[in-house]
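Here the structure comes first, spelled out in structure tokens, and everything after it is commentary.
Throughout, read-outs are computed from the coordinates displayed, never taken from laboratory work. As the structure is a computational prediction, the values presented were derived from the model and not from experiment. So basically every Cβ, Gly included, is an ideal-geometry build from the backbone, and we count neighbours across all protein chains shown.
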Ligand SMILES: Nc1ncnc2c1ncn2[C@@H]1O[C@H](COP(=O)(O)OP(=O)(O)OP(=O)(O)O)[C@@H](O)[C@H]1O
Ligand SMILES: [Mg+2]
């Protein structure tokens, strides 16, 4: 069963009046989560920034250790039921029923939320179209490919149009075309239904395209926060990215490149990343030539050079020291629930 079904269907009863004076739809302060109880067995796993943890706490599926979390003024601990009535959540792992067809899976979710049949029909057809599942809509879901299941799972979270929608990596594993269609659909939900959407993503471009506010989490901590424009403006005008040749002297070459970059007039800041060095500068064109001249003079083996206005990738890189790479995007984390035949 889809994780959306773990949330209560929307009730005719109105959600309680906000009991907090906070204005934001989602208000999270000083949130701390320690796994393993009272900090004694704190797990320090290197993977996982904490995105799913945060989203599960806000959606009332996981208890926090400390801090305050409110949704529409309601407290996650005190008013969990009322919060569940107004939100939708699509988790990272596959939760559709393999025995049902794609269309039936979506239809079931609509009925679980007590939506009228005509509205369910309309939404289901709309989602099958957006998620490019029309041709396969009447096949049982266990015959779907991984990408098709992922799309169906996402569709299940979008059937009932909640007031606040939470999506954990909604487009991971989708092809670029479907991703663009999903982006457009989410924009429409926000624009036409004034829906608040909270999503996690590993794709910086996705955050840039969709989000008004972004928080970058690294190893469990928010390391940067703001609108896409604010985050980019904060790191400077242009970025020169120098990738160093991966030979046995790579580490020394990269250190040398960093030292060189820092001495070049016009470079306001230079940082190291896993493949080389980034230099931030007001005038990329002029500085780039000088960077190349100096690296060449000092015989630093350069594999690739790029000059760009900062994108959110550079923002991420600067705050975490790591490049967001395609390989970091993991395959689906759990196997698809179906009976073997
Ligand atoms: N139930 C649990 N018990 C112990 N540690 C956990 C548990 N769930 C998550 N963690 C740890 O908390 C950290 C954050 O995990 P989380 O799933 O929130 O990361 P994430 O940013 O969603 O990662 P990913 O990008 O892989 O989805 C990780 O170090 C993880 O190992
Ligand atoms: Mg996660």
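Laid out as a table, the results:
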quantity	calculated
Cα centroid separation - segment 130-154 against segment 197-266, whole Å	35 Å
Simple label model, 7 Å out from Cα along Cβ direction - residue 35 to residue 311, nm	3.1 nm
Solvent-free Debye scattering, log10 I(q)/I(0), computed from the Cα coordinates of segment 179-221 at q = 0.17 Å⁻¹	-0.50
Extension gain, residue 289 back to residue 213 (0.36 nm per residue minus Cα-Cα distance, nm)	23.8 nm
Taking 227, 278 and counting other C-beta atoms within 10 Å, the order from fewest to most	227, 278
Cubic angstrom per residue, convex hull over Cα atoms of segment 237-309	69 Å³
166, 250 arranged by Cβ crowding within 10 Å, fewest neighbours leading	250, 166
Exposure proxy ranking, count of Cβ atoms within 10 Å, fewest first, for 302, 159	302, 159
